[in-house]
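Participant: Got a structure for you, written out below as structure tokens; questions coming shortly.
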Amino acid sequence: MRVWKHILFAIALAAAVLGAASRAPAQADLVNQARRLDLEGKQGAAIALYRQALDRAPDSFDAHYGIARALDLAGSYEEARRHFARAIELASEGVKDQALRMMGVSYAFTGNAGEAATYFRQVFDRSVAAGNFVAAAEVANELGRVYVELGDLDNGYTWYRIGYETTTRQRNRPASEVDLARLRWAHAQARIAARKGNPKEAWRQAATVKRLLDRGTNPDQQIQYPYLLGYIHFSLKEFKDAIAALESADQGDPFILVLLAQAHEELGNTAIAIEYYRKAVASNSHAVNNAFARRLARQRIASPH
């Protein structure tokens, strides 16, 4: 009798283990399906699947992180931040910086530079503490851009400068990285000068960017030059010149598409502007450039001038 009890117990235990093992792939499949739908722009369907995943595993980092991303793109910002907050709590050390950054981006979606800075600065401080000055510089530049595009030019300048100075702390940098840091700093100064209505300084810094690009150490950055020219012309209200430059910039960047749309609006080309806004909304990236572009594009499509 005891033997049978042991046998039945072993069978039950094996069934439980197999059941748990079968549920694990199902949970992973659910999250992966949701992630694919989100990247395809089907945020509603993605959110529904993420909710199912969270019903099964309420402490899943991947599900909280994924649904937060999809909710932001769907415009449900407050709920998105609740899930990002939980994802930050659940994050392992290897993914905590990414979760913190995405919370910063979430606040950029609603134009809240102060709250965004809270999270970007945490990532900056963590990167500096780890001696990863390149990563720290990148997040400082990202915060600088948030400030600039949300109208706080002085704080934007400060954080871009911090980003540049932080790169100099990295030892044994190759020439390409030295040039890249200088290029990004000049690029930022040109844009800030243009926003402040200082064309002389804007074009002086743009010339520095061109000289650094002509060195050939960062060929992948060539696409940033027409964007810079278009940004300067747009900021100086030279809309025809802005369009000519921006048409040669990265047409997969929703921020550039929105600049083109706005320039066309200023010239009275409403139909063309709406097409650019529609293209911008098609982007499903969760990054600062889309944070600035997506909400404006949606507003313009809903209420064209």
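The numbers here are math on the coordinates, done by the rules we state, and not lab data. The structure presented is a predicted model; accordingly, all values stated were derived computationally and were not measured. Quick reminder, even Gly has a Cβ in these numbers, built from the backbone with ideal geometry, and neighbours come from all protein chains shown.
Participant: Calculate how steeply helix 2-39 sits against the longest principal axis of the alpha-carbon atoms of the chain, using the helix alpha-carbon long axis, and give the answer as 0 to 90 degrees to the nearest 10.
Facilitator: Its long axis makes an angle of about 20 degrees.
Participant: Report the rotationally averaged projected area of the stretch 113-157 based on its alpha-carbon convex hull, in square nanometres.
Facilitator: Projected over every direction and averaged, the Cα hull of the stretch 113-157 covers 2.7 nm².
Participant: If you don't mind, another one. Contact order normalised by length for the stretch 132-202, with contacts defined as Cα pairs under 8 Å and 6 or more residues apart; what percent is it?
Facilitator: Computed value for the stretch 132-202: 29 percent relative contact order.
Participant: Label Glu93 and Arg36 with points 7 Å out from Cα along Cα→Cβ: what is the distance between them in nm?
Facilitator: 3.5
Participant: Let me know the longest stretch in the chain that avoids all GluC sites (Glu not before Pro) found in a DSSP loop with at most 13 other C-beta atoms within 10 Å.
Facilitator: Result for the longest clean stretch: 41-246.
Participant: Helix 77-90 versus the longest principal axis of the chain: what angle, 0 to 90°, nearest 10, using Cα atoms?
Facilitator: Helix 77-90 sits roughly 60 degrees off the main axis of the chain.
Participant: Set the Förster distance to 35 Å, then compute FRET efficiency between Arg278 and Val134 from the Cβ-Cβ distance, nearest 0.05.
Facilitator: That gives a FRET efficiency of 0.45.
Participant: Tell me, Ile274, Ile67, Ile88 in order of fewest to most beta-carbon neighbours within 10 Å?
Facilitator: The order, fewest Cβ neighbours first, is Ile274, Ile88, Ile67.
Participant: Remind me, relative contact order of the chain in percent, using alpha carbon pairs under 8 angstrom and six or more residues apart?
Facilitator: Taking the mean separation of contacting Cα pairs over the length of the chain, I get 11 percent.
Participant: Also, I was wondering about something else. With 24 Å as the cut-off, how large is the P(r) tail for the chain, expressed as percent of Cα-Cα pairs?
Facilitator: 60
Participant: Express in whole angstrom the spacing between the alpha-carbon centres of the stretch 143-207 and the stretch 88-141.
Facilitator: Cα centres, the stretch 143-207 to the stretch 88-141: 19 Å.
Participant: Sticking with this one: Evaluate the stretch 155-220: find the radius of gyration of its Cα atoms, find its Kirkwood radius, and give the ratio Rg to Rh. Write out the running numbers ahead of the final one.
Facilitator: Values: Rg = 12.3 Å, Rh = 12.3 Å.
Expressed as Rg/Rh, it is 1.00.
Participant: So, one more: Enumerate the residues in the stretch 197-240 having an amide nitrogen under 14 Å from the point lying 7 Å beyond the Cα of Leu153 toward its Cβ.
Facilitator: Only 197-203, 232-237 fall inside the zone, counting backbone N under 14 Å.
Participant: Comparing Ala175, Ala249, Ala45, which has the greatest mean-square fluctuation in the GNM of the chain with Cα pairs linked when under 10 Å apart?
Facilitator: Most flexible of the set in this elastic network: Ala175.
Participant: At R0 = 51 Å, how high is the FRET efficiency between Arg161 and Asp55 if r is their beta carbon distance? Nearest 0.05 is fine.
Facilitator: Given R0 = 51 Å and the Cβ-Cβ separation, E is 0.60.
Participant: Another question about this same structure. If the viscosity is 0.692 mPa s and the temperature 37 °C, what Stokes-Einstein diffusion coefficient in µm²/s follows for the stretch 113-198 when Rh is the Kirkwood radius over Cα pairs?
Facilitator: The diffusion coefficient I find is 254 µm²/s.
Participant: Also, I was wondering about something else. Give me the number: length gained by fully extending Asp220 to Asn172, i.e. 0.36 nm times residue separation minus the C-alpha to C-alpha distance, one decimal in nm.
Facilitator: Residue separation times 0.36 nm, minus the Cα-Cα distance, leaves 15.1 nm.
Participant: Here's another thing I want to ask about it. If you look at just the Cα atoms of the stretch 173-305, how large are its Rg and its Dmax in Å?
Facilitator: 15.4, 50
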